[in-house]
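What follows is a single structure, written as structure tokens, with notes after it.
The values are calculated or read from the model by the stated rules, or taken from the named source; none is laboratory data. In this text, all values refer to a predicted model and were calculated from it rather than measured experimentally. Every residue, glycine among them, receives a Cβ derived from its backbone with ideal geometry; neighbour counts consider all protein chains shown. Note: accessible area is taken over every heavy atom of the protein model, side chains too, but ligands, DNA and RNA are not part of it. Shrake-Rupley method; radii C 1.70, N 1.55, O 1.52, S 1.80 Å.
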Amino acid sequence: MLNHYATKPLVFFLCLLPFIWIVWNALYGDLGANPVETVTHQTGDWALRILLLTLLWTPLKNWTGISQFIRLRRMTGLFVYFYASAHFLIWFLADHGLDLSSMLEDVIKRPYITLGFSAFLLLTPLAVTSNRFMIRRLGRHWKTLHQLVYVIVLLAVIHYLWLVKADYLEPIAYALVAIILLLSRLSAIKNIGQHSRSAFNSRLHSRVSPNQ
Amino acid sequence: MIKIKKASDCRESDITPEPVYKKRREFMKTSSAIGTGLVLGGLQGNALAALDVSGFKKSGYTTDEELTEFKDATRYNNFYEFGTAKEDPASNAGNFNTDDWRISISGECDNPGVISLEDLMQGHTIEERVYRLRCVEAWSMVIPWLGVPLASILQQFKPNSRAKYVAFKTLLDPERMPGQQRSVLDWPYIEGLRMDEAMNPLTLLAVGMYGKPMPNQNGAPVRLVVPWKYGFKSIKSIVSIEFTETQPKTTWNILSPGEYGFYSNVNPEVSHPRWSQAKERRIGNFFRRDTVMFNGYADEVAAMYTGMDLKKQF
């Protein structure tokens with residue numbers, strides 16, 4: 001199924017749906033009493049949701065053994081940048097009237113904005129290097145660079161947690177998902193550790209490791 | 001400039017003598033019972049209709065600023081008793097039954113008791129007042145409230161000389177207020193004012209808006225409106241008013257004392273620790289505007305705070 005030619009376009013369309021919903025409601029419908037807030041929250045929510053989705057492909061591959069999940073990773077990652085950019089731009093435009101100094105003052109003075117803005121800044125090099133040319137050019141550094149996403153997801157969930165007034169249910173749910181996704185990678189590291197240990201042991205005992 | 005009453009002023013001779021007052025109350029009870037009987041007869045025993053606010057008078061408290069649309073004022077609400085999302089109160093408060101609403105008056109006063117909302121409003125002329133409403137979340141509205149100056153209500157109960165503050169309480173009923181089934185806040189919602197703030201002519205006990213009885217999602221059937229303070233001070237669906245000698249606890253202050261002070265006067269120079277209060281978005285506008293000290297009511301209220309460091313007593 002994942003190899004099906006329609007899989008990627010389908011996921012693309014699903015990721016675009018929130019944007020279509022926003023534009024449709026802005027033009028023909030209703031974005032509520034505070035449209036700026038609606039758009040800011042929606043784009044922020046979807047940037048975070050799709051970021052978590054992007055972090056899901058690798059564990060899914062590990063758990064199922066189906067490597068095709070990775071085919072979706074770059075596309076969803078770029079959607080994260082798309083929604084994060086929209087999230088930043090609507091705030092920069094409507095809250096700060098595109099006044100750079102006023103915007104930066106907020107970034108410096110308000111910790112939750114500092115975190116959100118940092119997450120957005122850190123996403124930029126990842127988006128820029130998400131093409132074959134840059135992957136080839138950066139070589140082994142590419143992977144190191146893209147491990148920044150682990151920092152970004154933590155910044156993003158704390159950004160959300162920190163702005164809430166009293167009802168922490170949703171941001172805590174996102175934070176938990178993020179932690180689970182990160183931990184799933186830690187155990188992968190543990191496995192690597194086991195592999196190298198068993199490799200060491202096998203060398204010690206001069207026989208081939210039974211693992212892979 | 002409006003003369004501001006001090007806490008000690010509320011026992012002045014403009015209060016109706018008790019025997020006269022009690023007689024009048026008896027008369028009003030009887031007449032309202034007759035009225036109710038007539039209405040009930042007409043409605044064939046249906047539940048009591050919402051408080052009649054139709055006889056309201058326009059007041060001098062107004063503004064030439066554009067009113068927030070009724071639709072927006074009734075679908076963008078912070079009323080956590082019905083859910084924490086802005087649209088939750090509009091979705092969840094539809095069936096909130098406010099019939100037979102009673103308010104307990106207690107504490108440092110000579111006339112404590114439990115009184116129905118109808119009796120509480122009897123003899124008072126309901127006025128329409130157009131006030132700016134500034135939420136602590138940096139958005140604002142302009143709303144035509146219907147209500148009665150809180151001072152004229154409070155004086156009926158003869159607060160004594162120990163009454164330095166007034167504490168208010170919202171209904172606690174998780175069945176009728178489903179938001180209370182989650183402990184997002186320490187229920188019931190409680191708020192308070194210093195006596196002079198409660199007695200300030202601007203402070204309104206509101207029973208309606210936009211010419212109609214108070215919509216459920218806006219704090220039916222009776223709420224406070226304190227226009228120079230952040231919106232959360234204007235407690236909704238009030239069931240208890242208590243005169244106290246010491247400063248009462250308040251819900252948001254309990255939750256986060258460093259962020260929500262007892263006074264919570266609108267002040268563009270004192271940031272919320274997590275966000276600026278210098279600007280606000282008027283609902284209906286795209287860009288933000290500058291927030292004004294005391295939400296533009298400095299002439300009426302600033303004198304109450306002379307000598308106070310508003311950065312410390314925020």
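Residues checked against (1) modelled with pLDDT of 95 or more; (2) at positive phi; (3) not in a helix (DSSP H, G or I):
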{"position": "A:ALA156", "(1), (2), (3)": "yes, no, no"}
{"position": "A:ASP167", "(1), (2), (3)": "no, no, yes"}
{"position": "A:PRO171", "(1), (2), (3)": "yes, no, no"}
{"position": "A:ALA178", "(1), (2), (3)": "yes, no, no"}
{"position": "A:SER184", "(1), (2), (3)": "no, no, no"}
{"position": "A:PHE200", "(1), (2), (3)": "no, no, no"}
{"position": "A:VAL208", "(1), (2), (3)": "no, no, yes"}
Q. Out of (1) out of contact with any Gly (no Cβ under 9 Å at 6 or more places or on another chain); (2) over 20 Å from A:THR40 (Cβ atoms), the odd one out for A:TYR81 is which?
A. (2)
Q. Counting only residues that are open to solvent by less than 40 Å² (accessible area, probe 1.4 Å) and of a type in the set (A, V, I, L, M), which one in the range B:280-301 is farthest from B:LEU204 (Cα to Cα)?
A. B:ILE283
Q. Considering the range B:137-146 alone, what residues qualify as being more than 11 Å from B:SER234 (Cβ to Cβ) and open to solvent by less than 10 Å² (accessible area, probe 1.4 Å)?
A. B:SER140, B:MET141, B:VAL142, B:PRO144, B:LEU146
**Q.** Breaking point among (1) within 14 Å of chain A (Cβ to nearest Cβ); (2) open to solvent by less than 30 Å² (accessible area, probe 1.4 Å); (3) without any contact (Cβ under 8 Å) to a residue 40 or more places away in the chain, for B:VAL226
**A.** (1)
Q: Being part of a helix (DSSP H, G or I) and either within 14 Å of chain B (Cβ to nearest Cβ) or of a type in the set (D, E, K, R) (or both) is the filter here, so list the residues in the range A:26-63 that pass it.
A: A:ALA26, A:PRO35, A:VAL36, A:GLU37, A:THR38, A:VAL39, A:THR40, A:HIS41, A:GLN42, A:ASP45, A:ARG49, A:LYS61
Q) Limited to the range B:98-122, what total is found for residues that are assigned to a loop (DSSP other than H, G, I, E, B) and either under 24 Å from B:GLY55 (Cβ atoms) or acidic (Asp, Glu) (or both)? A) 7
**Q.** Selection within the range A:102-124 - away from every other protein chain (no Cβ under 14 Å) and open to solvent by 50 Å² or more (accessible area, probe 1.4 Å)
**A.** A:LEU121, A:LEU122
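When the residues of the range B:34-89 are filtered to those that are outside any loop (DSSP other than H, G, I, E, B), among the small types (Gly, Ala, Ser) and more than 30 Å from B:ASN200 (Cα to Cα), which remaining residue is modelled with the highest pLDDT? Steps first, answer last, please.
Here is the first cut: in the range B:34-89, the residues outside any loop (DSSP other than H, G, I, E, B) are B:34-43, B:57-58, B:70-73, B:80-82, B:88-89.
Within this subset, residues satisfying the condition of being among the small types (Gly, Ala, Ser) are B:35, B:37, B:41-42, B:73.
Among the residues that remain, those that are also more than 30 Å from B:ASN200 (Cα to Cα) are: B:35, B:37, B:41-42.
Details: B:GLY35: 46, B:GLY37: 42, B:GLY41: 39, B:GLY42: 39.
Here the residue is B:GLY35.
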Q: Evaluate the following for A:THR76: is it of a type in the set (S, T, N, Q), surrounded by 16 or more Cβ atoms within 10 Å (Cβ to Cβ), within 14 Å of chain B (Cβ to nearest Cβ) and part of a helix (DSSP H, G or I)?
A: no
Q: Using the structure shown, decide if B:ASN253 is in contact (Cβ under 8 Å) with a residue 40 or more places away in the chain and either open to solvent by 20 Å² or more (accessible area, probe 1.4 Å) or farther than 16 Å from B:LYS169 by Cβ (or both).
A: no
